[in-house]
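Below is one structure, written out as structure tokens, with a few remarks after it.
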Amino acid sequence: MRDGLVAAGLELARTGGPDAVVLREATRMVGVVPNAAYRHFADRDELLAAVCAAAMAELAGRMAAAVARVPGPHGDPSAALGRLAAIGTAYLEFAHKEPGWFATAFAVPEQHDYGAPRDGSADRSPLAQLRTVLDELVDAGVLGRQRRDGIEYPIWAAVHGTAVLAGQGPLRGVPDATRGHLEQLTLSFIGGGLA
């Protein structure tokens, strides 16, 4: 039932963002009485945290799929830059195509532990994927080692800021072509800044 409640929460979040994730509505969608949810979640906040993690995992999965489609061996400068662009593009596409999930993924920031997973598995978070590509850019000679430390944060800020401005901010009403152009400018700015 826990997985069903999280899936219902994801469906609610997809159309209404984090505010739409309501325990009573999720239980109705699963077909159980509201009190049954309390065996799995202490309250709405716990359900929202689980939905937040699931939305972030969806974003991470789309980013990983985009990176996997970029041909070329590790350390090839062109391939490494292509993987960086793929990460940014997937992030921006997710924000545009799934605004409810995007908002939900970041609704409970303390939900995300950006360290290595405790179970020893590989960290596949969006931030970890960005770090991996930046490390490859160092290996490829595109990004100097002295500039690598911490550069993921201004890069993430630029892409996330563009996503928020175009999705929820003052640029939300611009035509798709204009939004696409602004996204490409952001990615080009990042790529040019690394060289």
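Details
- The range 1-75 - percent relative contact order, Cα under 8 Å, separation 6 or more: 31 percent
- To the nearest ten degrees, helix 77-97 and the longest principal axis of the Cα atoms of the chain are 30 degrees apart.
- Per residue, the chain exposes an accessible area of 52 Å² to a 1.4 Å probe, with every protein chain left in place.
- Surrounding net charge for residue 36, when Lys and Arg each add one and Asp and Glu each subtract one, Cβ distance under 13 Å: +4
- Put a plus charge on the Cβ of each Lys and Arg, a minus charge on the Cβ of each Asp and Glu, and nothing anywhere else: the dipole of the range 128-195 about its Cα centre is then about 160 debye.
- Springs join every pair of Cα atoms under 10 Å in this Gaussian network model of the chain, and among 21, 51, 138 the largest mean-square fluctuation is at 138.
- Considering all different alpha carbon pairs of the range 1-115, the Kirkwood hydrodynamic radius works out to 15.2 Å.
- Percent of alpha-carbon pairs separated by more than 24 Å within the chain: 46 percent
- Surface composition of the chain: carbon plus sulfur atoms hold 56% of the accessible area, using a 1.4 angstrom probe and ignoring ligands, DNA and RNA.
- Applying D = kT/(6 pi eta Rh) to the range 1-42, where Rh is the Kirkwood radius over alpha-carbon pairs, T corresponds to 25 °C and eta to 0.890 mPa s, the Stokes-Einstein value obtained is 248 µm²/s.
- Every Cα-Cα pair of the range 122-192 was included, and the share exceeding 15 Å stands at 60 percent.
- GNM on the chain, alpha-carbon springs under 10 angstrom: the most fluctuating residue among 66, 55, 37 is 37.
- For residue 26, net neighbour charge (Lys/Arg +1, Asp/Glu -1) across residues whose Cβ lies under 15 Å away: -1
- A simple charge model with +1 on the Cβ of Lys and Arg, -1 on the Cβ of Asp and Glu and nothing else charged puts the dipole of the chain at about 200 debye relative to its Cα centre.
- Residue with peak Gaussian network fluctuation, the chain [Cα springs, cutoff 10 Å], from 135, 176, 76: 176
- Our summary gives the range 53-195 a relative contact order of 29 percent, counting only alpha carbon pairs under 8 angstrom and 6 or more residues apart.
- Taking other residues whose beta carbon is less than 13 angstrom from the beta carbon of residue 100, and scoring Lys, Arg as +1 and Asp, Glu as -1, yields -2.
The values are calculated or read from the model by the stated rules, or taken from the named source; none is laboratory data. What you see is a predicted model; the values in this text were computed from it and never measured. All Cβ positions, even for glycine, are placed from backbone atoms using ideal geometry, and neighbour counts span all protein chains on display. Accessible surface is based on the protein model in full, side chains and every heavy atom, while ligands, DNA and RNA are left aside. Shrake-Rupley method; radii C 1.70, N 1.55, O 1.52, S 1.80 Å.
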